[in-house]
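First the structure, in the form of structure tokens, and then the observations on it.
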Amino acid sequence: MSSDGAPPRPGGNAPFARPAAGGLYRNTRSHRPGEVNLKSCGLLHPRAAALHHETLSLLDPLDVLTYPALKSTYAMVAERFGLAPGALVLTAGSDPGLQLLVRAFPGARRIVLHTPSYDNWGKFARIGGCALDLVPPDPVNGLFSLGDLAARLREGPPAFVVVTQPHSFTGQAHTAAELHELAGQVAAHGSLLVLDTAYLAFSEGGEDTVRALTGLRHVVRVNSFSKSYGLSGARIGVVMTHPDTAEHLLDIDAEASVSGPALALLRAALGRPALFEEIWAEVRGLRTLLARLVETAAPGWRARPGEGNFVCWDVPSPAEAAAATAWLYEHGFVIRDLSGFPGLPAAVRVSVGERHDVDRVGELLAHRHRHGLIPRAQTTQDAHTA
């Protein structure tokens, strides 16, 4: 018996008799003064920042004092993507949208996806009680094949089949024909294709690769506005699918956490299509410049072709990747060391910041190599067989 005379609970004194797993998903982010985050791939562009500053300075107090009214925002998003409002579900960023899927369709007990992939798919699998069915890239060239996803899908029961277009680690993008073929196989299997298009705005002509699939009954497109419109802190995204599929998400109150200020920021951004087309084109140009500067500054670094707002380099060794990541961190830049993931034995990813950030990263890496501040020469094979 407990001290209050009640029978003991299996989970200790926690309510509802379920022990906690340790608060797995608490946000512990922090920022150093002056730090530039080139790890999370947010849109760091001065013209986007200026628009958001103006929008916030003119924010109608009713967007804070009253509960959000979503109708006008739905109309603008529908026009942006060429869909009916009934095919859309607004969410507080893409994470809630992806999480909704595993809650709304409990019949799918596994998630078939490439590895590496967006880190939080492990979280969604845990929340939805799904098994992760991970498909690695080609061991020879490190590229992802949609045919490999289809083959794995056929080996088991209905599933969520996830494609990130373009890929969030390497920037690899698939053609419209490849995606169409996979969608057909997913439909025939009775499964659901999930297209994560967080980075698609930075891919020239990228919308053409998914347009014919968006709105189909067996396809769900989840699109964050964090990367494309610089709204990471606002937390706003949209799920696009067939209206009948959308109703499953709306049955579990998908819109509840969407805020009025986030809607106001999104409406202002959607109202300036020419501005953001210019920004995305500029990012593509800076992506090419960043790849060239770093390859010149750091001998042995090889940029992978990619369509995101970042560059992924294969580097000579994991030690080199770790040392370069630490060096840039010491100088105020946070990047991501990808070494050890499938297909990425030694690699780093750096997102495109402002022009002066691109130049500075190149200068820092060049300085490091000129002055011999690099690990002992070591091949990737040596690093993994030592």
Determine whether Arg32 is surrounded by 15 or more Cβ atoms within 10 Å (Cβ to Cβ), out of contact with any strand residue (DSSP E or B) (no Cβ under 8 Å at 6 or more places or on another chain) and either aliphatic (A, V, I, L, M) or not assigned by TED's automatic domain parsing to the domain that holds Pro345 (or both).
-> no
Name, by its number, the condition in (1) assigned to a loop (DSSP other than H, G, I, E, B); (2) farther than 20 Å from Val222 by Cα that does not hold for Gly147.
-> (1)
Does Leu38 satisfy being crowded, with 17+ Cβ neighbours inside 10 Å, of a type outside the set (Lys, Arg) and touching a Ser or Thr at 6+ places or on another chain (Cβ under 8 Å)?
-> yes
In this structure, is Ala383 crowded, with 19+ Cβ neighbours inside 10 Å, at pLDDT below 95 and within 18 Å of Pro316 (Cα to Cα)?
-> yes
Any chance you could count how many residues in region 316-359 are basic (Lys, Arg) and under 19 Å from the mean Cα position of the chain (by Cα)?
-> 2
So which helices (runs of 4 or more DSSP H) are wholly in region 258-348 and hold at least 1 residues that are of a type in the set (Lys, Arg)?
-> 260-270, 273-297
Inter-residue pairs, beta-carbon under 9 Å, first under 19 Å from Lys227 (Cα atoms) and in region 156-175, second in a strand (DSSP E or B) and among the small types (Gly, Ala, Ser), 6+ apart | Phe169/Ala347; Thr170/Ala347
Given the residues Ala323, Ala246, Ala256, which is the only one that is among the small types (Gly, Ala, Ser) and within 24 Å of Asp357 (Cβ to Cβ)?
-> Ala323
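The values are calculated or read from the model by the stated rules, or taken from the named source; none is laboratory data. Quick caveat: nothing in here was measured; it's all calculated off a predicted structure. Cβ: placed from backbone, ideal geometry, glycine included. Neighbour counts: every protein chain shown.
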